[in-house]
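Structure first, then comments.
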Amino acid sequence: MKLSINMAMTLDGKVVRPDGRWYGLTSQEDKNQMDVYRSQSDALLVGKNSILNDNPIVRIRSIPNVLNPRPVILIRKGTLPPNKHVFEESDHIPLIICTKNNLKEIKTNLENKAEIFALDADEIDPKKVTGILKRKGYKNVILEGGPKLNYSFIEAGLVDRIYLTIVPYLIGKNGLAGIVDHSTELPDFDKNNWTLKGSQARGNELFLIYEKEI
């Protein structure tokens, strides 16, 4: 199974606005390119906070007659409102992966909206998540979560590719996250190289593809 991260980032390396959300900073070209990446995937990983903050539209809109990837939602604590786009607009019933602690809460309001799988643990283990997806037969998974979720999958050595869009804005405020965010650095960050496999400028945006060296 191949796991890819898809993120957009400002010129000064920020992936969120000062209000903690991301909206209005990418062009239609970037949205179209995101649809291309999604059309090449059979599962779409997203975290609870991304859905709460941005309520992303997970349906492919710019490419006709393609099957949308199945949304896989990771929820470590709490639950989600059932009126979010992810529950209304997909070709598939979303898969929710949660912990034993919030299973009851999720079942209460989302049992008719999603397939629910609870890990016998207090945390969401990325390796267990990918194990579930492999057993379900998914071959290409795209992660569109936030910086902390990205960190957890990269730290576990599970990410094969990064799709990165550079957008023409400078925010300047310190303390805002980059594409990964944690209180400690990634292990061997200066030894684990990423190889540039593709780059293309369109308008004022730059589309980059990096793959992890094996």
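The values are calculated or read from the model by the stated rules, or taken from the named source; none is laboratory data. This one's a predicted model, so the numbers in the text were calculated from it and none came from an experiment. For neighbour counting, all protein chains shown are included, and Cβ atoms are generated from backbone atoms with ideal geometry for every residue, glycine included. Note: areas computed on protein heavy atoms with side chains; ligands, DNA, RNA excluded. Shrake-Rupley method; radii C 1.70, N 1.55, O 1.52, S 1.80 Å.
Things worth noting here:
- Here the simple spin-label model places points 7 Å from the Cα toward Cβ, and for Asp190 and Val66 these points are separated by 4.0 nm.
- Sorted peptide list for 70-77, 1-8, 34-41, criterion being average Cβ within 10 angstrom, highest first: 70-77, 1-8, 34-41
- For the chain, share of DSSP beta bridges that run antiparallel, in % to the nearest 5: 35 percent
- Potential lengthening of the chain between Glu211 and Arg21 amounts to 65.7 nm, from the contour at 0.36 nm per residue minus the alpha-carbon distance.
- Percent carbon-and-sulfur accessible area, the chain, ignoring ligands, DNA and RNA, probe 1.4 Å: 47 percent
- Put simply, the Cα atoms of the chain extend 45, 41, 35 Å along their principal axes, the longest span coming first.
- Rounded to the nearest 500, the helix-only mean residue ellipticity at 222 nm of the chain stands at -6500 deg cm²/dmol, with each DSSP H run of n ≥ 4 adding -39,500 (n - 2.57).
- When only the Cβ of Lys, Arg, Asp and Glu is charged (+1, +1, -1, -1), the dipole of the chain relative to its Cα centre reaches about 420 debye.
- In this structure, the amide hydrogen of Lys2, modeled 1.01 Å from its nitrogen in the peptide plane, lies closer than 5 angstrom to those of Asn140, Val141, counting only residues at least 5 positions away or on a different chain.
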